[in-house]
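Everything below concerns the one structure shown next.
The values are calculated or read from the model by the stated rules, or taken from the named source; none is laboratory data. Remember, it's a predicted structure, so these values are computed and weren't measured experimentally. Ideal geometry is used to build each Cβ from the backbone, glycine not excepted, and the neighbour counts take in all protein chains shown.
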Amino acid sequence: MTGGDIRLSEILPLHATAIAEWRRCRREYRTDQLLGVPASDEGPSADFGVAVHAMLRQVHETGSCRDAHHVRDVLTAHGFDGPGPLLGYIERHARRCPVEVSWSAHELDLARFHRRPAPMFMVTGRIDALWIHDGIVDARDYKTGGPPASDEVRDDLRARLQAWLLAERAARRGLRLRVRYEYLSAEVDDDPQPFEPDTDDLVAVEDELRSVAAEIWSEGEFAGVAEREVCAWCRYRSICPQSAAPAVPSWPLPPDDVREAVDD
Amino acid sequence: MRPVHGDPPDDEQEELPKVTVAHLRRAATLCARRLALEHDDRRSMRRGTGRFRVQNQLLEDARLTHVDLGVPDAGHFRPGDDLTAEEGRLYDTASRWYVALYQDHPVRSVDLAADATVEAIDDWATRVDALKVRLVGRCGLAVESADGRRGVRLLRLGRGVPAGDMLDDVEVRFAVLRLSGWAGADMHLSIADLVHGARRDESMEPERVPGLQHWLSERVDVVRARVADPDVSPGIDCGSCSFVPGCPAHK
């Protein structure tokens, strides 16, 4: 089996997960983003993070994160009673939540199209929370996991992508742009330095995105990275022939008698 | 090969506006400009072709294994050379589950395009004259049992099978609305998740069909209301939109 020719969209869709996969392993990118093969193996669970994001949105859309009664009501209404870890995450956010804002949004979906120079691509992304205050578009990305990999938000691709998505909108309103990561886990003391991109930064991000799109367009082989530390977390590690971390698929198998008939 | 997912063939382009399962599911939230252009079946930009390759091949092979009345034959399922190794593994798993899950129910596959008794229905679309729309999109495998009873098999690669009322699932509703004119109001519904090895069957209750038709009418009203004022709403869906050229949100 070769994979044949896989036709790409004329306007290549790009988002943070797709680019991260592309950089981690081109084979994983093809299997997930281009072919849509369902995961054969367990990856890291996102359930708790999803719950934190959903509750933060709910708390802000129906009241204030600083109103302890309101926060508890929202959590209780969604089955998160008592002083569980989720309450702690919201309390730690509340200390960093801007007070006087002229506009806000949660889980804001954005898209920005790049036409020229070629290749064309469409970047999409979701901003966890966005506030306008003090002449700043203040974009926040809630982090529920372990400590940051870098002291600077600008070092993270997702932040650069969010900045590029928001930059035109901020500029049209004459506002500065700040992308900040909020680490909500009790084990993380300090957030990394926010990213406040200038014009040169944004040009560099666009160049970066364009070079990723160009690489994808010119790729023919989609070779797997075959590194144990990468493959061990891959959601296709058991069905990828280049996996350096062989496993058994989580897909169940049909009864033995049928399998034997098929094999015959 | 027939079109399974993707663009319909040119010779099936008709004048009635198009309504897809995605429109029924997301008419209220999909970008109204995109909805309007899709509804109007406008010529669109090229999109990627990879995501339905396994599903398409599996459906075609299932159709072929049931050309004559019978249960599926494992020997009729072989992954094509154009699939990647990962797709091949998925195809292997899914085809084995198909053979295993349907060993108890011999059927014959039906070529709807060749069935002269149902002029409004083919493998790709169903004309709904009362609403002046076409329901467009494949909806599983049309089959007929030895006793002449007709039904549909919806073959999924993941996502499980509905746990509660099967008609709560929009894909099932779409299949019933697409095919009940051919299969009759008591059509047999079967859904299988061929990744996780689950199958669920149910006989359609004829008295529920009018309710479904009413629901369709309401959903079509939502589509028409949205396309009458086709404002753009850029967001995540722009990544899969075929109508970016000319979009005021992406000048």
Single condition A:F222 does not satisfy, out of (1) part of a helix (DSSP H, G or I); (2) over 20 Å from the mean Cα position of the chain (by Cα); (3) of a type in the set (F, W, Y): (1)
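For segment A:219-246, give me the residue count where each residue is among the polar types (S, T, N, Q) and either assigned by TED's automatic domain parsing to the domain that holds A:A149 or touching a residue at least 24 places away in the same chain (Cβ under 8 Å) (or both).
Residues meeting the conditions: 2.
For segment A:177-184, check the following and say yes or no: at least one residue is assigned to a loop (DSSP other than H, G, I, E, B), surrounded by 15 or more Cβ atoms within 10 Å (Cβ to Cβ) and under 24 Å from the mean Cα position of the chain (by Cα).
yes
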Residues within segment B:108-126 that are farther than 16 Å from B:S145 by Cα and hydroxyl-bearing (S, T, Y), tallied: 2
All positions within segment A:118-139 that are in a strand (DSSP E or B) and without any contact (Cβ under 8 Å) to a residue 60 or more places away in the chain: A:R126, A:I127, A:L130, A:W131, A:I132, A:H133, A:I136, A:V137, A:D138, A:A139
Residue count for segment A:228-244, restricted to those that are exposed (fewer than 15 other Cβ atoms within 10 Å of the Cβ), part of a loop (DSSP other than H, G, I, E, B) and away from every other protein chain (no Cβ under 13 Å): 2
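Here are some residues: B:L194, B:L179. Which one is within 29 Å of B:Y91 (Cα to Cα) and within 14 Å of chain A (Cβ to nearest Cβ)?
Testing whether each residue is within 29 Å of B:Y91 (Cα to Cα) and within 14 Å of chain A (Cβ to nearest Cβ) leaves just B:L194.
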Residue count, segment A:243-264 (criterion: over 14 Å from A:S40 (Cβ atoms) and modelled with pLDDT of 95 or more): 1
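When segment A:36-54 is examined, which residues are found to be within 11 Å of chain B (Cβ to nearest Cβ) and among the aliphatic types (A, V, I, L, M)? Give the steps one after another, and end with the answer.
So the first thing to find is which residues in segment A:36-54 are within 11 Å of chain B (Cβ to nearest Cβ), and the list is A:36-40.
Listed by number, the residues that qualify are A:V37, A:A39.
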Residue check, B:R78 within 14 Å of another protein chain (Cβ to nearest Cβ) and surrounded by fewer than 21 Cβ atoms within 10 Å (Cβ to Cβ): yes
Residue match in segment A:85-104 (condition: in the same structural domain as A:E206 (by TED's automatic domain parsing), surrounded by 16 or more Cβ atoms within 10 Å (Cβ to Cβ), touching a strand residue (DSSP E or B) at 6+ places or on another chain (Cβ under 9 Å) and part of a strand (DSSP E or B)): yes
Residue check for A:V52: buried (at least 20 other Cβ atoms within 10 Å of the Cβ) and not assigned by TED's automatic domain parsing to the domain that holds A:P246: yes
